[in-house]
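Chemist: Below are the structure tokens for one structure; questions will follow.
Bear in mind that the values in this text are calculations on the coordinates, not laboratory data. These figures come from a predicted structure and were not determined experimentally. Neighbour counts are summed over all protein chains in view; Cβ atoms, including those assigned to glycine, are modelled from backbone coordinates with ideal geometry.
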């Protein structure tokens with residue numbers, strides 16, 4: 001008798017757990033409008049959901065998704081059919097007013113790069129606990145906190161968004177988007193030269209402006225030899241003296257944003273300017289970097305043990321990568337012409 005009584009109690013407990021495990025559920029039961037809720041029902045032949053926010057808010061799907069648009073308290077119920085018997089318990093849904101979020105910035109227009117200080121104000125229901133506030137600045141970067149400081153590096157138009165992270169029990173984390181909130185002027189000033197060196201004087205160079213800029217942008221050239229000229233160009237300039245020169249182009253946008261670009265030219269015998277280290281590790285590849293201005297380069301590593309697929313006494317590369325195979329002081333030549 002004792003054994004039969006034990007088995008009877010075990011079966012009853014299992015049946016109770018099975019019924020409890022298969023009741024209807026909601027993905028979220030509290031949050032801000034518009035609140036999207038996914039409902040899930042246990043397997044059955046028919047389903048009839050009543051969401052509680054209007055006579056037409058019903059569904060015959062097993063797992064419907066319903067959006068509550070207006071703040072309020074709602075009762076969601078599941079029936080076996082329309083006007084049928086209720087399945088399980090009521091699901092109570094609480095919908096809060098959406099968080100009212102406003103932002104301000106000390107600068108919304110200007111020249112890049114531009115530092116901007118953002119501030120924010122929130123109007124939020126007292127039941128909602130704010131965990132964090134996340135800013136995205138429209139260029140792939142973000143920050144957190146009620147206020148934020150950020151520097152925009154490039155010109156352009158940026159959309160700012162702010163997302164309030166709330167306590168997990170109340171879902172109110174939809175982002176607030178401020179379209180085209182920051183507008184920055186500026187241009188990437190640039191130019192090229194038909195050549196960057198000459199062995200003799202007089203030497204003539206042609207400068208071509210490749211700046212991408214808005215209409216109305218003005219330009220000022222300083223060729224580094226005492227000559228200046230305005231206008232987009234191209235400009236052809238003759239240098240009568242040897243030396244290193246640093247021509248510069250400055251552009252100014254209609255809004256007053258200024259940017260510049262500098263290049264270097266060499267006239268006369270090239271001046272070798274090594275930038276590679278004077279001490280390297282045995283067997284470690286070393287980039288033989290330098291800033292010499294010339295048309296062609298020729299390295300001669302004759303008598304030096306190196307790892308190279310080219311002849312060591314004739315490497316016609318501006319910046320070869322060399323692996324030294326012996327310790328000690330190594331001597332080699334670089335000819336620029």
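Chemist: Please order 210, 323 by the number of other Cβ within 10 Å, starting at the fewest.
Modeler: Fewest-to-most Cβ neighbours within 10 Å comes out as 210, 323.
Chemist: Could you work out, for the range 105-247, what percent of all Cα-Cα pairs fall into each 10 Å distance bin, beginning at 0 Å and stopping at the bin that holds the largest distance?
Modeler: Cα pair-distance distribution for the range 105-247, in percent: 10, 28, 18, 16, 13, 9, 5, 2, 0.
Chemist: While we're here: If you take Kirkwood radius over Cα pairs in Å from the coordinates, which of [x] 21.4; [y] 28.3; [z] 20.3 do you get?
Modeler: Only one listed value fits the structure, namely [y].
Chemist: Relative contact order (percent) for the chain, with alpha-carbon contacts under 8 angstrom and 6 or more residues of separation? Intermediate values should be presented prior to the final figure.
Modeler: Details: 738 pairs, mean separation 33.1, N = 337.
10 percent.
Chemist: Further, regarding this structure: Run the helix sum for the chain: -39,500 (n - 2.57) per DSSP H stretch of 4+ residues, divided by residue count, reported at 222 nm to the nearest 500 deg cm²/dmol.
Modeler: Details: 1 runs with 20 residues, N = 337.
So the calculated ellipticity at 222 nm is -2000 deg cm²/dmol.
Chemist: Let me ask you something else. Normalising by the residue count of the range 233-337, find the relative contact order in percent from Cα pairs under 8 Å and 6+ residues apart.
Modeler: Worked out over the range 233-337, it gives 23 percent.
Chemist: Let a ≥ b ≥ c be the square roots of the eigenvalues of the Cα gyration tensor of the range 154-202; is it rounded (a/c under 1.5), or, if not, prolate (a/b larger than b/c) or oblate?
Modeler: It is prolate, given that a/c is not under 1.5 and a/b is the larger ratio.
Chemist: To test your reading of the geometry: what angle, between 0 and 90 degrees and rounded to tens, separates the Cα axis of helix 2-21 from the longest principal axis of the chain?
Modeler: 60 degrees
Chemist: Tell me, what is the FRET efficiency for residue 279 and residue 154 to the nearest 0.05, using R0 = 51 angstrom and their Cβ-Cβ distance as r? Please list the in-between numbers first.
Modeler: Details: r = 39 Å, r/R0 = 0.76.
About 0.85, to the nearest 0.05.
Chemist: With a/c under 1.5 counting as rounded, go ahead and sort the range 16-105 into rounded, prolate or oblate using the C-alpha gyration tensor (a ≥ b ≥ c being the square roots of the eigenvalues; past the cut-off, prolate if a/b is larger than b/c, else oblate). Mind dumping the intermediate values first?
Modeler: On the way: a/c = 2.85, a/b = 2.06, b/c = 1.38.
Prolate, because a/c is 1.5 or more and a/b exceeds b/c.
Chemist: Among 67, 266, which comes first, then next, by fewest other beta-carbon atoms within 10 Å?
Modeler: Listing 67, 266 from fewest to most nearby Cβ atoms yields 67, 266.
Chemist: Bin by bin, in steps of 10 Å, what percent of the Cα pairs in the range 157-314 do you find, going until the bin that has the longest distance?
Modeler: 9, 23, 19, 17, 15, 11, 5, 1
Chemist: Let me ask another. For the range 241-259, list residues with backbone N below 17 Å from a point placed 7 Å from the Cα of residue 222 toward its Cβ?
Modeler: Flagged as within label range: 244-253, 258-259.
Chemist: Would you report the distance distribution of C-alpha pairs in the range 75-185 as whole percents per 5 angstrom bin, up to the bin with the largest distance?
Modeler: Reading upward from the zero bin: 2, 10, 19, 17, 12, 9, 8, 6, 5, 4, 4, 3, 2, 0.
Chemist: Suppose we keep just the alpha-carbon trace of the range 236-337; what are its Rg and Dmax in angstrom?
Modeler: 18.7, 61
Chemist: Counting other C-beta atoms within 10 Å, which of 325, 114 has the fewest, and how do the rest follow?
Modeler: Least to most surrounded, the residues fall as 325, 114.
Chemist: Separation between the residue 27 and residue 177 pseudo-spin-labels, each 7 Å from Cα along Cα→Cβ, expressed in nm?
Modeler: Roughly 1.9 nm, to one decimal.
Chemist: Using only Cα atoms, locate the centre of the range 83-146 and the centre of the range 207-225, then give the distance between them in Å, rounded to an integer.
Modeler: 44 Å
Chemist: Additional query: Mean separation of Cα pairs under 8 Å and 6+ residues apart, divided by the residue count of the range 155-256: what relative contact order is that in percent?
Modeler: Details: 179 pairs, mean separation 25.2, N = 102.
Averaging sequence separation for qualifying contacts and normalising by length gives 25 percent for the range 155-256.
Chemist: Subtracting the Cα-Cα distance from 0.36 nm times the residue separation, let me have the gained length for residue 61 to residue 167 in nm, one decimal.
Modeler: 35.1 nm
Chemist: Follow-up question, since we're still on this one. Which FRET efficiency value, to the nearest 0.05, is calculated for residue 109 and residue 190 with the Förster distance at 25 angstrom and r the Cβ-Cβ distance?
Modeler: Efficiency for this residue pair is about 0.55.
Chemist: Among DSSP beta bridges whose residues both lie in the chain, state the antiparallel percentage, nearest 5.
Modeler: Bridges in the chain are about 90 percent antiparallel.
Chemist: Determine the gain in length on full extension of the stretch residue 69-residue 141; use 0.36 nm per residue of separation and subtract their C-alpha separation, reporting nm with one decimal.
Modeler: Contour length minus Cα-Cα distance gives 22.8 nm.
Chemist: Have a look at the DSSP beta bridges in the range 186-274 and tell me what percent are antiparallel, nearest 5.
Modeler: The antiparallel proportion sits near 95 percent.
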